[in-house]
Amino acid sequence: MDLPVAGNSVHLAANRPAVPQLAGNGKATLGAFNESGYGDASSVASCGSDALTGYETLDSPPHYDFYANTEVWGRRRRFRPSLYQLYANPEDDSRPPMYEETTGEQMEGGDSSEEDEDEQKEPPPEPTRFGWVQGVLIRCMLNIWGVILYLRLPWITAQAGIGLTWVIILLSSLITGITGLSTSAIATNGKVKGGGTYFLISRSLGPELGGSIGLIFAFANAVAVAMHTVGFAETVTDLMRENGAVMVDRTNDIRIIGVITVTCLLGISMAGMAWESKAQILFFLVIMVSFASYFVGTIIPASPQKQAKGFFSYKADIFAANFVPNWRGAEGSFFGMFSIFFPSATGILAGANISGDLKNPTVAIPRGTLMAIFWTTMSYLLIAATIGSCVVRDASGMLNDTMSSSASSEDCVGLACQHGWDFSNCIKNSTCTYGISNYYQSMSMVSAFAPLITAGIFGATLSSALACLVSAPKVFQCLCKDKLYPLIGVFGKGYGKNDEPLRGYLLTYIIAACFILIAELNTIAPIISNFFLASYSLINFSCFHASITNSPGWRPSFRFYSKWLSLLGAVCCVVIMFLLNWWAALIAFGIVIFLLGYSLYKKPAVNWGSSVQAGSYNIALNQCVGLNHVEDHVKNYRPQCLVLTGPPSSRPALVDLVNCFTKSLSLMMCGNVVAADSSPAAVDKTSSDRHVSWLNQRKVKSFYRGVVATELRSGVNMLLQGAGLGRIKPNVLLMGFKKDWRSDTPQAAHDYIGILHDAFDLHYGVCVLRMREGLDASRPSQSHGEASISIDPESQPSTVFQKKQGKKTIDIYWLSDDGGLTLLLPYLLTRRKRWAGCKVRVFVGGDTDKKEEQKEEVLALIKKFRLGFHEVEVLPDIYQKPQPGNVHQFENMVSRFRLDTNPKQDSDSGPPRQQEEPWMITDQDLERNKAKSLRQIRLNEVLQDYSREAALIVVTMPVGRRGVCPSTLFLAWLDILSRDLRPPVLLVRGNQENVLTFYCQ
């Protein structure tokens, strides 16, 4: 039976991919589920041939569920059909292999009543989630504002002067800012879960470094709770002593107050994140009020009592005198002041540490962290400038030190002489107790209401202690769940809707209480600061390493970072560690190296797609054996191409296109099959020396492999199975289109399609390139894997893929979901300079009445992949009927291969002849595949309309079912789909397994 022309009643819309119908309870019915190919892989074999005569009911368009690792409550997850389901013969009774994408929830077995009960259960309660302001901005600002702001910043300003104090602040902020940029890049490279700093480092650099840093970072946060609590307890103890209230003695008073305080903070933490967040907001308001009190105090006219202590309100001469340094004491140096100030800037990870409790970590962490760094830097700069403009360095605090009218101003020493005060005696004797060089409470003295500054100190210390008390268990819980170290798994258990690590809270409380009882943290404090700096250094190095490995999985949506800035930040953090305390830095490095060695020895069984794995690929091939111990991961997927070029010099366009995908990124191997009996002459013909020289001269980073076989198909099969080394082996077969399939022998056309089926059997993705002018530079009639005549290997002909493409478009027709290879290859093209100016357009099929809705769905899916494609167009007209002339042209293409079904012939002569000539097309074949045939004809018309001026057209390649679609009919599909197009056409079909992911692990 001939194919129907436009006037017939066949509508392709009736043959588009079917969606499972939902029963009344929201479940997909078994029949619809299997018919759509989303169920058990065995459904193909069980349905029989009648149910699957229409291939198009299996091939599914792109869908979010195909890439998701988690399920939505109350809705059955859809699965992409396996490659076996798409191309295997449905009459084959053998059970198909099982694939990860299709195993999911099995439709077979199980008690349906239990499923009904599960469906009727209430959805799990939503945990508390915070936005970027409450979850990150306020939390980071509170951690950065600490006792150093209130008690040490005026003194640092007196020592270094306003100018160098600004340098110290800006240098510290530069380092934390670079770390913030690196953190933002890592946090936006996929979904971020709980675990904060540990999660970011471990998922980037792997479990070895990530685990060691996670352990010491959690410990450092636990001890930091004690540090901040002791700072609070010391302030309370001093206030009590000023008012004559002493419980035992100063040390024991600090212990008692510290333990009581940390117990109260533990209660707030264990009450839940909601209560903890409310407490942080309260502390934030207290600090804001204390700031307001301070700034109001600077503009209030100075009373005699304040003038005696060195405060004279804003004076230009005071600003000028305090702008330059005045070093005093053993710590009087730039790096001395820097080492005292820098720990105050190390609170930038407070928001990232609760990443699991944020509504949208990929937005909240960059925005909140960078905003916190900016505003706290501004506050530090402003307070340093104002305190240095209002208060002199030295003052006695005595009201009778005013200058008498009879005293000579020449004998008066100090800036206060110009304002009627004489502090000469205490300045000469170095006994002044006030002024910003001597009095740590200068901000309280300047403030309009001094108790508000004390309240600010309380808020800063308690908020920092509370933040560390929450951060340590969250980081430790994630580390415990990853099971990298023994004996700590018990602390990973979570409770409640927020999965709170209550056991981790108790452990942190015990550690903090032990250090509070010591009540002397002057020796342990540098080690803690170095642990934080080690974490910052590794975060910066993680960002640098992920960038330098050039992995396709490194696609952060945050673009404002630089790998070289990240490297600079990592080096600066290490330098600062040794500047602060060299022996503490050695201790920190020693612990990291010990834990790293343990992890390397134990080899934890986890695979997170880290940049260390990606970097391993870029090292020399002699390390392939080591890669055998690392499982593949979708984040590090690379299109490793086996290119059937014949002699590479015979098809330079094919070589140049694949080089655009693989240069400095992944494996490219040029394959050459010499069809001949094994002989020294034939083996010599496949010699790689001249071919590799040609590739080197063309500056193409590729391997070459030649084989001798009796026929082309068997030779390609040898390459498919034997090419590569370890995990550096091809996973994509790329070949030229066979233009001469109608004039060549039918057996040659059959073998060409057989190569595609062989590649599918071996789980290869397949690409076919067609160019209007042809690919073969030696013999225009040969366009696939074999070439017996080659041009001079020394010649270097130019091709279109070597030219700058300008502002043209790359048009992607993503018509069926193949795992994402159809999207990934154009994305890799756009990373090359010559293709960078091209605009990528994605075309998908759809319905007219749901066009905008379907467009937004596909846009949202592509956005999650972070590919940078922003233009999507839904084409409802691909389901229309093709033009009659084009249908007739297709019929003429296949007419030579039609099987004559003359009724006068013996009825038993047909099937044996078709078995002997499997490329022959029967009327039944045409009837079963007519909808698919019409679709390819119509697609060519769409391509002619939309992509006539494109630089490259990338189309999802249809798959011909073995035993249902004869090889010549399948070739006719590829021919009619890509014919008469000026741009190069790349037909792409992945192996139905994910090559793109929007997850961080």
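Which of the three applies to the range 639-776, rounded, prolate or oblate, going by the alpha-carbon gyration tensor with a ≥ b ≥ c and a/c under 1.5 meaning rounded?
Note, shape of the range 639-776 comes out rounded.
Of Trp741, Ile753, Tyr704, which is farthest on the positive side of the dipole of the range 639-776, counting Cα position, with +1 on Lys and Arg Cβ, -1 on Asp and Glu Cβ, and the Cα centre as origin?
Going by the charge dipole, the pick is Tyr704.
Order these peptides, 311-319, 206-214, by their mean beta-carbon neighbour count within 10 angstrom, highest first.
Top of the packing list down: 206-214, 311-319.
Return the carbon/sulfur percentage of the accessible area of the range 639-776, one whole number, probe 1.4 Å, all protein chains in place.
After summing per-atom areas, the C and S share lands at 48 percent.
Roughly speaking, to the nearest percent, how much of the range 233-286's 1.4 Å accessible area is carbon and sulfur?
64
Measuring with a 1.4 Å probe in the full set of protein chains, what accessible area per residue, in whole Å², belongs to the range 639-776?
Per-residue value: 34 Å².
What spacing in nm lies between the two simple spin-label points modelled at Leu596 and Arg328, each 7 Å away from Cα in the Cβ direction?
4.4
So what's the net charge close to Lys309: Lys and Arg +1, Asp and Glu -1, counting the other residues with Cβ under 13 Å from its Cβ?
Local charge sum for Lys309: 0.
Pop out the ³J(HN,Hα) list for the range 555-567 in order, Karplus 6.51 cos²θ - 1.76 cosθ + 1.60 with θ = phi - 60°, rounded to Hz; leave Gly and Pro as x.
9, x, 6, 7, 9, 8, 9, 9, 5, 6, 5, 4, 5
Could you check the spin-label model distance between Lys863 and Ser798? Points 7 Å from the Cα along Cα→Cβ, value in nm.
Rounded to a tenth, the inter-label distance reads 4.2 nm.
Taking only C-alpha pairs under 8 Å that are 6+ residues apart, what is the relative contact order of the range 639-776 in percent? Please report the intermediate quantities before stating the final value.
Details: 233 pairs, mean separation 39.3, N = 138.
Reported as a whole number, the value is 29 percent.
Let's see if you can work this out: charge +1 on each Lys and Arg Cβ, -1 on each Asp and Glu Cβ, no other charges. What is the dipole magnitude of the range 639-776 about its Cα centre, in debye to the nearest 20? Before the final figure, lay out the partial values.
Numbers: 16 positive and 12 negative charges, 119 e Å.
Rounded to the nearest 20 debye, it is 580 debye.
Would you mind checking Lys803/Lys839; Lys315/Lys428; Lys483/Lys635; Lys191/Lys855; Lys474/Lys497 for any pair whose Cα atoms are more than 18 angstrom apart?
The answer is Lys315/Lys428; Lys483/Lys635; Lys191/Lys855.
Across the range 639-776, how many lysine pairs, 8 or more apart or on two chains, come within less than 17 Å at their alpha-carbon atoms?
The number of close lysine pairs in the range 639-776 is 4.
What distance in nm separates the simple spin-label points at Ala68 and Arg948, each placed 7 Å from Cα in the Cβ direction?
Going by the 7 Å Cα→Cβ label model, 4.2 nm.
Do any trypsin sites (Lys or Arg not before Pro) in the range 934-993 lie in a DSSP loop with no more than 16 other beta carbon atoms within 10 Å, and if so, which?
Here the sparse-neighbourhood loop sites are Arg948.
Would you kindly derive the ³J(HN,Hα) couplings of the range 445-458 from the backbone phi angles with the Karplus curve 6.51 cos²θ - 1.76 cosθ + 1.60 (θ = phi - 60°), listing them in order in whole Hz, with x for Gly and Pro?
Whole-Hz 3J(HN,Hα) from phi for the range 445-458: 5, 6, 4, 5, 9, 4, x, 5, 5, 4, 4, x, 4, 4.
For Val575 and Glu873, FRET efficiency with R0 = 45 Å and r from the beta-carbon atoms, rounded to 0.05?
0.30
Output wanted: per-residue J couplings in Hz (rounded whole) for the range 967-975, from phi through Karplus 6.51 cos²θ - 1.76 cosθ + 1.60, θ = phi - 60°, x for Gly and Pro.
My calculation for the range 967-975 gives 4, 5, 5, 5, 5, 5, 4, 4, 5 Hz in order.
Give me the distance between the Cα centres of the range 254-304 and the range 800-845, rounded to whole Å.
Computed from Cα coordinates, the inter-centre distance equals 55 Å.
The values are calculated or read from the model by the stated rules, or taken from the named source; none is laboratory data. Please read all numbers here as calculations on a predicted model, not as lab measurements. Quick reminder, even Gly has a Cβ in these numbers, built from the backbone with ideal geometry, and neighbours come from all protein chains shown. Remember, those area values only see protein heavy atoms, side chains included, never the ligands or the DNA or RNA. Shrake-Rupley method; radii C 1.70, N 1.55, O 1.52, S 1.80 Å.
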